[in-house]
Amino acid sequence: MRPENYQAQSHPPSHEYELNFGPNHPGIEGNYALQVRLHGDTVVSAHADGGYLHRGFEKLMEGRLWIQNIALVPRICVPDPVPMEVCYSLAIEDISGLQVPERAKWLRVLQLELSRIAAHLFYFGGHAATTGMYSPSFWGVADRDLILDRFEELSGGRVYHIFNIPGGVRRDIPEGFLGRVSALLDYLEARLPEYDDLLFRNQVFVRRSKGVGVIDQQQALAWGVTGPNLRATGLGFDVRRDDPYLIYNQLDFEIPTEDSGCCWARTLVRRSELQQSIRICRQVIAALPDIGGPVRAPIPNPLAWNVPVGESYTRVESSKGELAYYVLSTGGEKPYRVHVRGPSAMHAVQVLEKMVTGGRLEDVAQIMFSLDACPPEVDR
Amino acid sequence: MSTTHLLIELVLMPLVAFVVGLAMLLMLRKIGARLQRRVGPPLLQPLFDVIKLYSKRTQVSHGLLHEAGIVVAVGAYVAIETLVPVPGMNGIAEKGGLILLSYLMMVPSLGLALGVGQCANPNGSIGLSRAMTAMLAYDIPFMLVVFGVAWQFQTTNLVELVAVQQAGGIATWGIVENPLLAIAGLFGLQAMLGKQPFEIYVAPAEIATGPMVEMGGKFLGGLFVMQSFQFYTAGVLYTTMFLGGGENWFTFLIKIFVVVAIPLSVAFMFPRYRTEDMVRLVWKWPVILALLGLVVAVQ
């Protein structure tokens, strides 16, 4: 608001005051606001204020061809777009009975895990920045960029890859791609101790984040918390293991958990997950040379494709939590209804409001970011 | 010293402080960039920033105190620069001394308080209250250090302080004679510069840069200039008290840049404490060290 447009309003005397966190704020990965009412440094109440990124994704999808929506869905979560493409494709494949080639499944997992690593690197920096430490942000973004290089090589797009389509993936990997990904994983693994020294063993950061924004397991389940935020409360639920899709049941990996349910635990879970994702990628890289065959099942002319009548609820594990698509087809060229169950819809609204209330002003931004919410998932 | 000579020094000293301070701002950004694996800004970027801010067409003033506050803050530093001896120029340092300087160094924060207070922005007010709390926190170890140094060298006169240390060589430098006070002084320096982990009053993610939230154009330019003076003053004061001042400009610049580089480097490796944690820390270790140093000085 410009000063000339400001009109003073009188309020009854109060020791309370309001502060706006957002809609542009380092505490969240996108445009989203949290209106906080404070008494001194203590948060009395909080109101999540979304809608700044509303583009009507779900409604838009009803007006576009099945295949066109592949270009739309990654935009629902910019930092981790691959699960969006894969989950949407899985739903269509489920409805139309498409058999995805084995090689395509492994390639999808490789992308999913690389995307998860990229999202977690982004998260470390963002979380640290909310406590006033900016070096991990630059490190995280720079290292994430190396992953985006590989995505660019694979798909031509750095952020929105639009590589996974119903039936498989658009094309096979380029020559030498696995070697370059392997070198990248070596580099990232070598960098982890440096992240540990800078961030995870940083006593000031530990002091700032330990015991802050605590949520217990029962509350987490009642409020619909999923993903790393749920695993930080001690419950090792992960869609990849508990309701496996693609080839996750053939892979050897662990589900890291923490017990305290605080900001610190949420960060630690993601740090451990990053290692597990590297482990998964290595297994995929080792297996892929022996898995031949096509990378895409034949589909009808995508510009005149009538997906059979049916519905599907498909879920995957994104870096934010359980991501699901409910897709309903009436046999037309376009979906009748697509509903996106983004994990952030729970985390950034009901969970955030409750978690922040009673907390400290200094911790609001940290709690916001620690939930790793993606505002477009709320505004979908 | 002739009046003309004195006048030249009084103009030159703040001018030198401003230029060196800008170079320190560049150093801050370069150190940050290297630690964060970036290239960092070009050589003249701090100067371009000042010019850009002062030439902005939008200059939103919240009233007389808003404007006066910045003038007081920058003005205080201009006065301070004439009170700290540098190689070849003593200005009016003979007339001042550590006690006067300690008082004067509080004035910029108070000027800022005046200016921010009139903006009536809650983020600014919270930042301000945190800045005042921080000042209260670091002033205790700082004053203990000042008393310790004064006792150690039996003088509060900065010119004499430098002369004693330079006459006796490195063995008589404050950092050698009383390392406890020197360490406590470094702690105080970190807090005084408001750098992490003591950066509680800017806190962009919490209070939208606090005192700076309503500052733009020439007001922000004023704060920028103030910060360059602040870096320079902190470096010079520490060098004067503990590193024998400047024998010549070459060694003097090396000393003050090294002194300022320490807190700036540390800043990029830590988050910020909460306010109460900051106060607790600053009132604990630096105060204990300074008290021990004071005991050593008295003996």
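A few comments on the model shown:
- Summing Cβ point charges (Lys, Arg +1; Asp, Glu -1) relative to the Cα centre of chain A gives a dipole of roughly 380 debye.
- Between the listed residues A:Thr257, A:Asn301, A:Ala324, the Cα displaced farthest toward the positive end of the dipole of the protein assembly as shown, a dipole computed from Cβ unit charges relative to the Cα centre, is found at A:Asn301.
- Sorted largest first by accessible area at a 1.4 angstrom probe radius, with every protein chain in place, the residues B:Phe147, B:Phe187 fall in the order B:Phe147, B:Phe187.
- Signed unit charges on C-beta, dipole axis of the protein assembly as shown, positive-most listed residue A:Asn202, A:Gly40, B:Leu110: B:Leu110
- Those lysines that a straight Cα-Cα span of less than 29 Å connects to B:Lys95, excepting residues fewer than 8 apart in one chain: B:Lys255
- Of the whole protein surface, B:Glu94 contributes about 100 Å² of accessible area at a 1.4 Å probe radius.
- From helices alone, chain A scores -13000 deg cm²/dmol at 222 nm; the rule is -39500 (n - 2.57) for each run of n ≥ 4 DSSP H residues, then divide by the residue total.
- Span from the region A:316-362 Cα centroid across to the region A:145-209 one, whole angstrom: 24
- Ordered by 1.4 Å accessible area with all protein chains kept, A:Glu18, A:Glu153 run largest first as A:Glu18, A:Glu153.
- Under a model in which nothing but the beta-carbon of Lys, Arg (+1) and Asp, Glu (-1) is charged, region B:3-298 shows a dipole of about 940 debye around its Cα centre.
- The Cα-based radius of gyration and maximum Cα-Cα distance (Dmax) for region B:144-206 are 15.2, 50 Å.
- Counting charges near A:Val43 (Lys, Arg +1; Asp, Glu -1) among other residues having Cβ under 9 Å from its Cβ returns a value of 0.
- Dividing the summed -39500 (n - 2.57) terms of all DSSP H runs of n ≥ 4 by the residue count of chain B sets its mean residue ellipticity at 222 nm at -23500 deg cm²/dmol.
- Label zone at A:Val159, where the point sits 7 Å out along the Cα-to-Cβ direction: region A:22-45 residues whose backbone N lies under 14 Å: A:29-31
- Computed from the C-beta positions of A:Ile67 and A:Asn249, the FRET efficiency with R₀ = 30 Å rounds to 0.55.
- Once the mean of 1/r is taken over each pair of separate Cα atoms and inverted, region A:131-277 shows a Kirkwood hydrodynamic radius of 17.6 Å.
- Accessible surface of region A:56-379 [probe 1.4 Å, protein heavy atoms]: carbon and sulfur percent: 52
- Among the lysines of chain A, pairs that are 8 or more positions apart or on different chains and have alpha carbons within less than 26 Å of each other number 7.
- Cα centroid separation - region B:244-272 against region B:123-157, whole Å: 19
- Cross-link partners of B:Lys218 among lysines (Cα-Cα below 30 Å; sequence separation of 8 or more within a chain): B:Lys30, B:Lys52, B:Lys56, B:Lys195
- Computed over chain A, relative contact order equals 27 percent, with contacts defined as Cα pairs under 8 Å that lie 6+ residues apart.
- Unit charges at the beta carbon, dipole of chain B: most positive-side option, B:Thr233, B:Ala208, B:Ala17: B:Ala208
- Entry note, chain B: relative contact order of 28 percent, from Cα contacts under 8 Å with a spacing of 6+ residues.
- Under 13 Å, Cβ to Cβ, from A:Arg158 - net charge with Lys/Arg +1 and Asp/Glu -1: -2
- Protein-only accessible surface order, largest first, of A:Asp238, A:Asp149 at 1.4 Å: A:Asp149, A:Asp238
- Square roots of five times the Cα gyration tensor eigenvalues for the protein assembly as shown, Å: 56, 27, 23
- With all protein chains modelled, accessible area of A:Tyr6 [1.4 Å, Å²]: 150
- For region A:56-379, the calculated P(r), taken from all Cα-Cα distances in 20 Å bins from zero up to the bin holding the longest distance, is 33, 57, 9 percent.
- HN-Hα J in Hz across region B:96-107 - Karplus 6.51, -1.76, 1.60, θ = phi - 60°, x for Gly and Pro: x, x, 4, 5, 4, 4, 4, 5, 4, 6, 8, 4
- Shape of region B:183-283 from the C-alpha gyration tensor: oblate (a/c of 1.5 or more and a/b not above b/c, with a ≥ b ≥ c the square roots of its eigenvalues).
- Most mobile listed residue (A:Leu274, A:Leu288, A:Leu148) in chain A, GNM with C-alpha springs under 10 Å: A:Leu288
- Shape of region A:298-371, Cα gyration tensor, a/c cut at 1.5: prolate
- Region B:70-190: C-alpha gyration tensor shape, a/c 1.5 cut-off, then a/b vs b/c: oblate
- For A:Asp216, the solvent-accessible surface computed with a 1.4 Å probe is close to 80 Å², ligands and nucleic acids excluded.
- Rounded FRET efficiency, nearest 0.05, which uses the C-beta distance separating A:Asn24 from A:Leu60 and R0 of 30 Å: 0.80
- Cα-based Rg of chain B normalised by 2.2 N^0.38 Å, two decimals: 0.98
- Over region A:190-257, the Kirkwood radius and the radius of gyration, each from Cα atoms, give a ratio Rg/Rh of 1.07.
- The convex hull defined by the C-alpha atoms of region B:187-227 has an orientation-averaged projected area of 3.0 nm².
- Residues in region B:1-24 that a label on B:Lys95 would reach, taking backbone N under 12 Å of a point 7 Å out along Cα→Cβ: B:3, B:6-7, B:10
- Alpha-carbon centroids, region A:248-282 and region B:180-214: separation in whole Å: 35
The values are calculated or read from the model by the stated rules, or taken from the named source; none is laboratory data. Small disclaimer: the values here were computed from a predicted structure and weren't measured. Because the Cβ atoms are built from the backbone with ideal geometry, glycine has one as well, and the counts that use them run over all protein chains shown. These area figures cover heavy atoms from the full protein model, side chains too; ligands, DNA and RNA do not enter into them. Shrake-Rupley method; radii C 1.70, N 1.55, O 1.52, S 1.80 Å.
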